[in-house]
Amino acid sequence: MASKNKKTQEDNPLKNVIAHAKEYGFIFQSSEVYDGLQAVYDYGQYGVELKNNIKKLWWQSMVQLNDNIVGVDSAIFMHPTVWKASGHVDGFSDPLVDNKDSQKRYRADVLVEDKAAEYVKAGEPEKGKALEQKLGALLEAEDLEAVRQLIIDEEIVCPVSGTDNWTDVRQFNLMFSTEVGSVADESSTIYLRPETAQGIFVNFLNVQKTGRMKIPFGIAQIGKAFRNEIVARQFTFRMREFEQMEMQFFVRPGTEMEWYEQWKETRMKWHKALGLDAEKLQYHDHEKLAHYANAAVDIEYEFPFGFKEIEGIHSRSDFDLTQHQEFSKKKQQYFDDEVKQNYVPYVVETSVGADRSFLATFCNALTTETVGEGEKQKERTFLKLHPAIAPVKAAILPLNKKDGLPEIAQEIFEDLKYDFNCIYEEKQTIGKRYTRQDLIGTPFCIAIDYQTLEDQTVTIRHRDTMEQERVHKDELAGIIGNAVSFKNIFKQL
RNA sequence: GCGGGAGUAGCUCAGCUGGUAGAGCGACAGCCUUCCAAGCUGUAGGUCGCGAGUUCGAACCUCGUCUCCCGCUCCA
């Protein structure tokens, strides 16, 4: 039995997480009744609460705690030139081909270009040039079948397997496109944004001027982004539609590394304060930097499938604003009174995946422990969520549904529901109701018993320890309010 | 995309070499019960992922397809 369980867990490290997320209304697969849509997921009744709490916590720790950070909510649709300027049009769309024997994937255009370079090197520059021109013409005509034929005709083989057993050449467009307007000509093609950052960059001057912002300052945004991932895997870790929580911090050139270090530290504290285990968090420096960055680090969480990125902190230099300045022909500059200089600000970006933060939190919280002794020993599963982000803050439970207990419980529920997301339940035994709350991570269960009838006290049960304390019912709002306050988290930042 | 594994009730799964489906848990209703998935009674819920084919007959065999999981590959 034990060995069987172990094997299952090894085979599917996320299986328990996925099963729990579905069973208790956190995450469902998109369009499940129609067999689902690959790499797209929906948040259920408790999932949406948890996710909203995470987003709210992030938002407030950015725009409420920092008087030099403000927020925006930019549209998902943006002018097509934005993505030319950002480099996504060129960088996010390649003709790819696989070698079936080595199972290696290559850019088809690079394979041919390398071959052309070989000709040049071998003293046949005309042949090389002719090949490049042919390739250019085929790519222009988007004739991918001909590109494959060209690879075969040129006897290009996979450097690993040494064979020419190629799949079809496929065009990978990592950006989703759609049409705006009713006329379906090329100029109306626009993209669903692959990142939220550009919505901040194009509003840099709007916000700076209307908000009278002085550098250094930041613009925060939470929003959906879309990416046609080649391979979508690992549950909600890599989805086609996902949500980012990004903050672009505009700084004076030359100061970017100080800010980079500071945000690196602050953001790590945030994840820890949220409740992620410190030993499951680590920095991962980027060896290979993206085209826009001069320093980059990931904050990684140890998921059941290994350490993976949940947040990236990038020093983006002045790349984005300079690009927009060039493409839009509009100055993206700031006059710095202190140094009496006009410059394009440098940018330090913090970008956390809301869904990844959710998944990390969920994995981290899902706890199984053995309780009881002897014959009463059993497994107990609960979600050890920080009370501030738990979907439900308190469950109000009359010990049974007679002798006036439900009436008092209802009164308490009515009193608390304006401040906290609460649940009232009177059906079934109290033990079953406790367990149900444990499974969705409710930090407090308030039981109304016969003593309540006498002295207006109730028991309040703590999820993690299952211990109970007896308090007067008028103290409940204070106890719960204190425990679920974001302040506890903010103080750790 | 390639390779491997899987898909049966809300969940976990059983169902032998083909004979049109079961269990436990859960859910719901009621009874009982003053504290951790208790007990009793009852109820609902599945065209066995979907579509073809073979067969007198398919959850089971064959093909296709969708989805999930694992590995590889890709990933501003």
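The values are calculated or read from the model by the stated rules, or taken from the named source; none is laboratory data. No experiment lies behind these values; they were computed from the predicted model shown. All Cβ positions, glycine included, derive from the backbone under ideal geometry; neighbour counts span all protein chains shown. The protein model used for the area step is the full one, side chains on, heavy atoms only, and it has no ligands, DNA or RNA in it. Shrake-Rupley method; radii C 1.70, N 1.55, O 1.52, S 1.80 Å.
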Item to check | Rounded to 10°, Cα long-axis angle of helix A:405-416 versus longest principal axis of chain A | outcome: 50 degrees
Checklist entry - Where does helix A:144-153 land angle-wise versus the long Cα axis of chain A, in degrees 0 to 90, nearest 10? => result 60 degrees
Checklist outcome for this item: Taking GluC sites (Glu not before Pro) as exposed when in a DSSP loop with at most 16 other Cβ atoms inside 10 Å, chain A has its longest clean stretch at A:1-141
Checklist outcome for this item: For the range A:451-468, Karplus-derived ³J(HN,Hα) couplings (6.51, -1.76, 1.60; θ = phi - 60°; whole Hz; x for glycine and proline) come out as 5, 4, 4, 8, 10, 6, 9, 9, 9, 10, 9, 8, 3, 6, 9, 6, 7, 10
Item to check | Which listed pairs, of A:Lys280/A:Lys473; A:Lys269/A:Lys384; A:Lys56/A:Lys272, have C-alpha distances above 28 Å, in listed order | outcome: A:Lys280/A:Lys473
Checklist entry - Using helices alone, what [θ] at 222 nm do you get for chain A, with -39,500 (n - 2.57) per DSSP H run of 4 or more residues, divided over all residues and rounded to the nearest 500? => result -10500 deg cm²/dmol
Checklist entry - What aspartates and glutamates sit close enough to A:Lys15 to cross-link, taking a C-alpha to C-alpha distance under 14 Å and skipping anything fewer than 8 places away on the same chain? => result A:Glu23
Next on the checklist: Using a 1.4 Å probe on the protein heavy atoms, what percent of the accessible area of chain A belongs to carbon and sulfur?
Outcome noted: 47 percent
Next on the checklist: Taking 56 Å as R0, compute the FRET efficiency from the Cβ-Cβ separation of A:Lys401 and A:Lys121 and round it to 0.05.
Outcome noted: 0.05
Checklist entry - If we restrict to alpha carbons, what Rg and Dmax does chain A come to, in Å? => result 27.9, 101
Checklist outcome for this item: Cα pairs beyond 23 Å in the range A:385-490, in percent, come to 18 percent
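By how many nm would the segment from A:Met466 to A:Glu379 grow when fully extended, if each residue of separation counts as 0.36 nm and the alpha-carbon distance is taken off?
Going from the current span to full extension adds 29.9 nm.
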Item to check | Cross-link reach list, aspartates and glutamates versus A:Lys330, counting only Cα pairs under 20 Å and skipping chain neighbours closer than eight places | outcome: A:Asp318, A:Asp320
Checklist outcome for this item: Within the under-12-Å Cβ sphere about A:Leu57, not counting A:Leu57, Lys/Arg +1 and Asp/Glu -1 give a net charge of +4
